[in-house]
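Written out below as structure tokens is the structure these notes cover.
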């Protein structure tokens, strides 16, 4: 199904509501057993985790982020072949002050991220 529905301003349109159902089913298939998923509504902006039912409600009420057409945060694989012309930045090292207290906060929030800053 086309994801054109995401840009539809009429969130009561059948196309939009069917699109939400497709998204919810996609999220369930790619996150089996999950009770909470990232909410891609315009207010939550994929930063908050909500129940799947709440996500559906938010998408009707607030609309979906219009640029979220590749659902990579919900399990969709990115097609690297189409982005082969994009510059690679795999070997870029972050410039970080090890004494910065913010680094500790970030590491607490994202413990799965690399802590190698040297």
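Sort out which residues of region 10-20 are within 16 Å of residue 68 (Cβ to Cβ) and at pLDDT below 95, and write them in order of number. The one that is within 16 Å of residue 68 (Cβ to Cβ) and at pLDDT below 95: 11. Please identify the pairs in which a residue from region 21-45 that is on the phi > 0 side of the Ramachandran plot and modelled with pLDDT of 95 or more has its Cβ atom under 7 Å from the Cβ atom of a residue that is surrounded by 15 or more Cβ atoms within 10 Å (Cβ to Cβ) and not in a strand (DSSP E or B), counting only partners at least 6 apart or on another chain. Once the first residue is on the phi > 0 side of the Ramachandran plot and modelled with pLDDT of 95 or more and sits in region 21-45, its partners that are surrounded by 15 or more Cβ atoms within 10 Å (Cβ to Cβ) and not in a strand (DSSP E or B) give 45/65. Residues in region 57-79 that are part of a helix (DSSP H, G or I) and crowded, with 17+ Cβ neighbours inside 10 Å were compared, and the one that is modelled with the lowest pLDDT is 74. Note on region 14-56: residues that are in contact with a helix residue (DSSP H, G or I) (Cβ under 8 Å, 6 or more places away or on another chain), surrounded by fewer than 18 Cβ atoms within 10 Å (Cβ to Cβ) and part of a loop (DSSP other than H, G, I, E, B) amount to 6.
The values are calculated or read from the model by the stated rules, or taken from the named source; none is laboratory data. Owing to the predicted nature of the structure, the values given are computational and were not obtained by experimental measurement. No Cβ is skipped: glycine too gets one built from the backbone with ideal geometry, and neighbour counts run over all protein chains shown.
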